[in-house]
Amino acid sequence: MTHTASLTRPRVSSIDILRGIVMIIMALDHVRDYFHITANTDDPLNLATTTPALYFTRWITHFCAPVFVFLSGTSIYLQSLRKTKKELGIFLLKRGLWLIIAEWTIISFAWTFNTNFTFFPFQVIWAIGISMFILGLLLLAKFSYKLILVTGILLVAGHNLLDIPEASPGFQPSFTWDLLHHGVFAVYPIGGNHFALLVYPFIAWTGVMMLGYCAGVFFTSSFTQQQRKKILLQTGGGLVLFFILLRFSNLYGDPVEWSTQKNLLYTFLSFMNVDKYPPSLLYCCATIGPALILLAFIEKTGNCFSRVMITYGRTAFFYYILHIYLIHLLAAVFFFARGHTFAEAKNVGEQFPFMYVAPGEGYGLPVVYLVWIGVVAALYPLCKWYDGYKSRHKENKWLSYL
């Protein structure tokens, strides 16, 4: 496969549709974080305590981060058709740094409502930002398409080798190790009453973005729609088959083995319970594989649903910021409606990252789903307005950072 210079194509609607779908699903998980009664006291994937409905509510959101990071890489490749490597590299350095700063400021406050900024989260926006920064460096260093592809494969397929030393008795990760691979809500003091909260170790995510970048070549004029559909179906189907075979073997690709449970359904849930932090090889195959299959079928979609998804997909970061603020504000309203005071909220906030969220309090899944639908619907008019604003002000380069 070679990097072929192609004429600039119009914006690819199937990418925006899929991106919009995962943004909507993502909001479900974040509503669950703030509203479900066991969200902050138990793991929804814990087979000893979960229910199939709760498990599915959490598991379906596994698609969001890897698909979004992968498609971010694809969009970067499409930008390379109208920019030189130097121009694109510099842009990625600046946008990557901006996303990291936004994670530690705008988004951190949205999650916590803590004006002291006690926690500096290293979550998905951080992972996207650092991955963009690294990809920008590679482009400035004039890495070839093939070298980026090989590097991406090695990072995604090989990072689970690090699970071996981590499984050793007495293993103690350092900050650097946690930042690269191991950190799962690991907390590190960074001075005073401030802490780094490591959630998304980034090397595997960077590999996912690189692979998404390389997949961008299939969306150029070098490939017909039929050729692209065939490639996406074969690649997606191959990843799903690879996941099934490798997962069944329990040999490699995920730090937690599946096992036989009390019945066939729960055995299946164990089989599908793959590791997101960091995204294991099997996790990536189980999520990106089906996403590629879906991508193959929605390119020519043109209906009301697709138009709504395109709106969310074209305004993804804008939507991301707004949805966290809105969900947290609603959580605060419900917190006070349950009879709590601001003093109690402050006490909770000193012990727990999220203010206006009391661990052990909350609601069942019906309320979670109702709030989720309300949040997504409420944000649509704002996203529609912003999409139109961007379209009317394409000369404003600052809008490319939001």
Looking for something surrounded by 15 or more Cβ atoms within 10 Å (Cβ to Cβ) and within 21 Å of the chain's Cα centre (by Cα) - is there at least one such residue anywhere in the stretch 334-355? yes
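When the stretch 49-83 is examined, which residues are found to be in a loop (DSSP other than H, G, I, E, B) and either under 20 Å from the mean Cα position of the chain (by Cα) or at pLDDT 95 or above (or both)?
49, 50, 51
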If you scan the stretch 373-402, which residues turn out to be aromatic (Phe, Trp, Tyr) and either under 17 Å from residue 27 (Cβ atoms) or without any contact (Cβ under 8 Å) to a residue 60 or more places away in the chain (or both)? 380, 385, 386, 389, 398
Kindly indicate whether residue 6 is assigned to a helix (DSSP H, G or I) and modelled with pLDDT under 95. no
Log entry, pairs with first residue in the stretch 157-183 being surrounded by 10 or more Cβ atoms within 10 Å (Cβ to Cβ), second being among the polar types (S, T, N, Q) and at pLDDT 95 or above, beta carbons closer than 7 Å, six or more apart or on different chains, reads 160/280
Select from the stretch 300-310 the residues that are assigned to a helix (DSSP H, G or I) and either surrounded by fewer than 20 Cβ atoms within 10 Å (Cβ to Cβ) or of a type in the set (Lys, Arg) (or both) and list them in ascending order. 304, 305, 306, 307, 308
What's the number of the only condition in (1) closer than 22 Å to residue 197 by Cβ; (2) in contact (Cβ under 8 Å) with a residue 60 or more places away in the chain; (3) in a helix (DSSP H, G or I) that residue 359 fails to meet? (3)
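Find the helices (runs of 4 or more DSSP H) located wholly in the stretch 223-299 whose residues include 3 or more that are more than 29 Å from residue 181 (Cα to Cα), and list them. Before the answer, list the steps.
On the way: elements: 225-249, 264-272, 281-297.
The helices (runs of 4 or more DSSP H) meeting that bar are 225-249, 281-297.
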Going residue by residue through the stretch 28-40, is there one that turns out to be at pLDDT 95 or above, acidic (Asp, Glu), closer than 18 Å to residue 274 by Cα and buried (at least 19 other Cβ atoms within 10 Å of the Cβ)? yes
Cβ-Cβ under 6 Å, sequence separation 6+ or interchain: first residue in the stretch 109-135 and among the aliphatic types (A, V, I, L, M) and in a loop (DSSP other than H, G, I, E, B), partner buried (at least 18 other Cβ atoms within 10 Å of the Cβ) and modelled with pLDDT under 95. Which pairs? none
Checked against (1) over 12 Å from the mean Cα position of the chain (by Cα); (2) at pLDDT 95 or above; (3) crowded, with 20+ Cβ neighbours inside 10 Å, residue 14 satisfies every condition except (2)
Of all residues being at pLDDT below 95 and hydroxyl-bearing (Ser, Thr, Tyr) in the stretch 322-365, which is farthest from residue 114 (Cα to Cα)? Just the residue, please. 341
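Go over the candidates 319, 389 one by one and state the one that is touching a Cys at 6+ places or on another chain (Cβ under 9 Å), assigned to a helix (DSSP H, G or I) and of a type outside the set (S, T, N, Q). Break it down stepwise before answering.
Details: 389 fails: touching a Cys at 6+ places or on another chain (Cβ under 9 Å).
Going through 319, 389 in turn, just one is touching a Cys at 6+ places or on another chain (Cβ under 9 Å), assigned to a helix (DSSP H, G or I) and of a type outside the set (S, T, N, Q): 319.
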Would you call residue 268 more than 21 Å from residue 64 (Cβ to Cβ) and either buried (at least 19 other Cβ atoms within 10 Å of the Cβ) or at pLDDT below 95 (or both)? no
When the stretch 139-156 is checked residue by residue, the ones that are touching a residue at least 40 places away in the same chain (Cβ under 8 Å), surrounded by 14 or more Cβ atoms within 10 Å (Cβ to Cβ) and hydrophobic (A, V, I, L, M, F, W, C) are 139, 140, 148, 149, 153, 155, 156
Residue count, the stretch 184-212 (criterion: free of Cβ contacts under 8 Å to residues at least 12 places away in the same chain, in a strand (DSSP E or B) and either within 25 Å of residue 89 (Cα to Cα) or small (Gly, Ala, Ser) (or both)): 1
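The values are calculated or read from the model by the stated rules, or taken from the named source; none is laboratory data. Bear in mind that the values here come from a model prediction, so they are computed numbers and not experimental data. Because the Cβ atoms are built from the backbone with ideal geometry, glycine has one as well, and the counts that use them run over all protein chains shown.
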